[in-house]
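Data first, discussion second: the structure below is written as structure tokens.
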Amino acid sequence: MGNGDYAQDAAPKGRKVVAELRGVSKYFGEVCAVSDLSLSISEGEFLSFLGPSGCGKTTALRILAGFEVPTEGVVILDGDIVNSLEAHHRPVNMVFQQYALFPHMTAAQNIGYGLRQRRPRLPRAEIADKVYKTLDVVRLGGYEHRRIWEMSGGQQQRVALARAIINEPKLLLLDEPMAALDRKLRKEMQIELQDLQRQLGITFVLVTHDQEEALSMSDRICIMREGCIMQIGSPQELYDRPNSRYVAGFVGTSNFFDGILTDNKGVLGTVRVNNEMPMQASHGSDLAIGQDVCISIRPEQMKLHRQGEGLWVKVLNRIFLGEHTEYLINHETLGDFLVLSPRQAEMAESPFNPGDRALVSWEPSAALILDNK
Ligand SMILES: Nc1ncnc2c1ncn2[C@@H]1O[C@H](COP(=O)(O)OP(=O)(O)O)[C@@H](O)[C@H]1O
Ligand SMILES: [Mg+2]
């Protein structure tokens with residue numbers, strides 16, 4: 001499917017486009033690794049490809065880097081079509097999932113490796129100077145003589161980064177760079193990477209299957225599924241206006257109620273949920289009457305109360321999460337779903353207990369009718 005109502009494949013306005021994919025597909029024999037990708041990446045942007053394993057993220061990066069030639073479509077870098085331009089001639093560097101460092105060489109030797117291969121040769125002093133500066137940038141000053149096999153995972157990760165940024169690429173491609181790090185180190189590196197990106201002003205394209213990582217670091221995220229781009233947008237756009245059930249479920253948590261679209265004329269459409277209960281919700285324009293859809297409502301958009309208007313539900317369970325309390329709720333037609341109640345609301349009214357009856361309500365605009373794909 002395309003990007004629907006919320007097409008965001010154009011880069012943010014007013015910024016120079018550094019890279020562009022137009023209708024790019026890649027087949028490995030019968031296997032379609034990526035299909036009809038179109039997207040613009042603007043200067044200084046931090047863009048992520050997010051999707052499950054096997055959805056084509058690495059292939060998309062390798063096409064940008066020049067390690068794969070697309071079967072169809074066009075790759076444009078800095079305004080030029082580069083489909084057949086070899087990787088080492090592109091203003092692009094890639095940090096691989098396995099860092100591909102030389103284990104017996106020192107950090108400095110690894111970082112300077114690419115510069116030493118350049119012809120005509122660069123003066124040794126110039127190479128050394130750049131290597132030391134780059135070591136400082138990735139906070140490895142003092143580690144220049146350490147061999148790779150003597151370094152921790154986090155330090156190796158920084159060497160791999162340094163080796164990529166020393167060439168001052170226009171575009172830095174990072175393939176799951178934090179996958180080998182433990183959770184705490186990963187958090188630290190996420191912050192460091194963001195700082196580094198701002199400091200260097202290099203355009204970053206990150207591949208990850210970790211939604212938290214993508215949401216916290218990116219200007220825009222490209223959500224992928226089975227080789228296709230499902231939606232491109234800022235983290236907030238994807239969270240507030242997902243164009244499909246897939247995106248709503250991939251970015252954050254949501255309650256989904258399955259049904260059939262019965263009316264799409266007004267601002268709010270109507271869905272017959274579970275073949276019996278009509279519910280109103282906001283809808284996009286490309287949904288047809290009679291279509292299988294779902295209504296998506298974020299747990300924090302739902303309120304529990306004892307009086308007023310709402311649906312009668314039964315509280316099944318309560319989990320205290322600090323800032324929020326999470327309730328598992330049952331409604332006789334809608335089934336089980338989650339309500340997230342902020343701490344203030346919990347302080348104002350006495351909390352609900354398992355077994356209590358309660359009313360649940362939400363703003364109609366918080367309920368979205370989505371394609372069930
Ligand atoms: N060199 C290749 N030969 C054959 N199939 C490949 C090759 N590279 C990737 N694929 C297939 O293309 C699909 C996408 O792979 P990949 O881009 O590595 O996904 P991801 O990085 O999202 O895990 C997968 O089905 C994978 O098996
Ligand atoms: Mg991959």
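The values are calculated or read from the model by the stated rules, or taken from the named source; none is laboratory data. As the structure is a prediction and not an experimental result, all values here were calculated from the model. Because the Cβ atoms are built from the backbone with ideal geometry, glycine has one as well, and the counts that use them run over all protein chains shown.
Here are the numbers for this structure:
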{"item": "Single unsatisfied condition, Val74 versus (1) β-branched (Val, Ile, Thr); (2) touching a Gly at 6+ places or on another chain (Cβ under 8 Å); (3) without any contact (Cβ under 8 Å) to a residue 40 or more places away in the chain", "result": "(3)"}
{"item": "Any pair with Cβ under 7 angstrom, 6 or more apart, that starts in the range 182-193 at a residue that is of a type outside the set (Ser, Thr, Tyr) and ends at one that is assigned to a helix (DSSP H, G or I) and surrounded by fewer than 15 Cβ atoms within 10 Å (Cβ to Cβ)", "result": "Gln190/Ser216"}
{"item": "Test: residue in the range 207-230 that is surrounded by fewer than 16 Cβ atoms within 10 Å (Cβ to Cβ) and among the hydroxyl-bearing types (Ser, Thr, Tyr)", "result": "yes"}
{"item": "Selected residue [among the β-branched types (Val, Ile, Thr), crowded, with 18+ Cβ neighbours inside 10 Å, free of Cβ contacts under 8 Å to residues at least 12 places away in the same chain and assigned to a strand (DSSP E or B)] from Thr270, Thr325", "result": "Thr270"}
{"item": "Any hit, the range 233-244, residues being in a helix (DSSP H, G or I), hydroxyl-bearing (Ser, Thr, Tyr) and closer than 12 Å to Asp371 by Cβ", "result": "no"}
{"item": "Residue in the range 42-52 that is surrounded by fewer than 20 Cβ atoms within 10 Å (Cβ to Cβ) and within 8 Å of ligand 1 (Cβ to nearest atom) present", "result": "yes"}
{"item": "First in the range 287-311 and assigned by TED's automatic domain parsing to the domain that holds Glu349, second anywhere and small (Gly, Ala, Ser) and part of a loop (DSSP other than H, G, I, E, B), Cβ under 7 Å, 6 or more apart", "result": "Ile295/Ala367; Ser296/Ser254; Ile297/Ser254; Ile297/Ala367; Arg298/Gly252; Arg298/Ser254"}
{"item": "Strands (runs of 3 or more DSSP E) wholly inside the range 14-59 that include at least 1 residues being without any contact (Cβ under 8 Å) to a residue 40 or more places away in the chain and either out of contact with any Ser or Thr (no Cβ under 8 Å at 6 or more places or on another chain) or under 25 Å from Val251 (Cα atoms) (or both)", "result": "17-28, 31-42"}
{"item": "Only listed residue being of a type outside the set (Lys, Arg) and either in contact with a Lys or Arg (Cβ under 7 Å, 6 or more places away or on another chain) or within 27 Å of Pro91 (Cβ to Cβ) (or both), chosen from Glu188, Glu144", "result": "Glu144"}
{"item": "Failed item in (1) within 15 Å of ligand 1 (Cβ to nearest atom); (2) in contact with an Asp or Glu (Cβ under 6 Å, 6 or more places away or on another chain), with Pro177 passing the rest", "result": "(2)"}
{"item": "The range 203-221: number of residues that are over 16 Å from Ala60 (Cα atoms) and either within 16 Å of ligand 1 (Cβ to nearest atom) or out of contact with any strand residue (DSSP E or B) (no Cβ under 9 Å at 6 or more places or on another chain) (or both)", "result": "6"}
{"item": "Residue that is nearest to Phe46 (Cα to Cα) [pool: residues in the range 127-180 that are within 16 Å of ligand 2 (Cβ to nearest atom) and out of contact with any strand residue (DSSP E or B) (no Cβ under 6 Å at 6 or more places or on another chain)]", "result": "Met178"}
{"item": "Selected residue (only one of Val74, Val69, Val131 is at pLDDT 95 or above, in a strand (DSSP E or B) and among the β-branched types (Val, Ile, Thr))", "result": "Val74"}
{"item": "Within the range 291-322, tally of residues that are buried (at least 18 other Cβ atoms within 10 Å of the Cβ) and assigned to a loop (DSSP other than H, G, I, E, B)", "result": "2"}
{"item": "Residue match in the range 134-153 (condition: touching a Gly at 6+ places or on another chain (Cβ under 8 Å) and more than 16 Å from ligand 1 (Cβ to nearest atom))", "result": "yes"}
{"item": "Residue list for the range 273-290, restricted to those being loosely packed, with under 13 Cβ neighbours inside 10 Å and among the small types (Gly, Ala, Ser)", "result": "Ser285, Ala288, Gly290"}
{"item": "Qualifying residue in the range 43-59 (condition: modelled with pLDDT under 95, within 16 Å of ligand 2 (Cβ to nearest atom) and aromatic (Phe, Trp, Tyr))", "result": "no"}
{"item": "Tally, over the range 317-373, of residues that are of a type in the set (Gly, Ala, Ser) and in contact with a helix residue (DSSP H, G or I) (Cβ under 7 Å, 6 or more places away or on another chain)", "result": "1"}
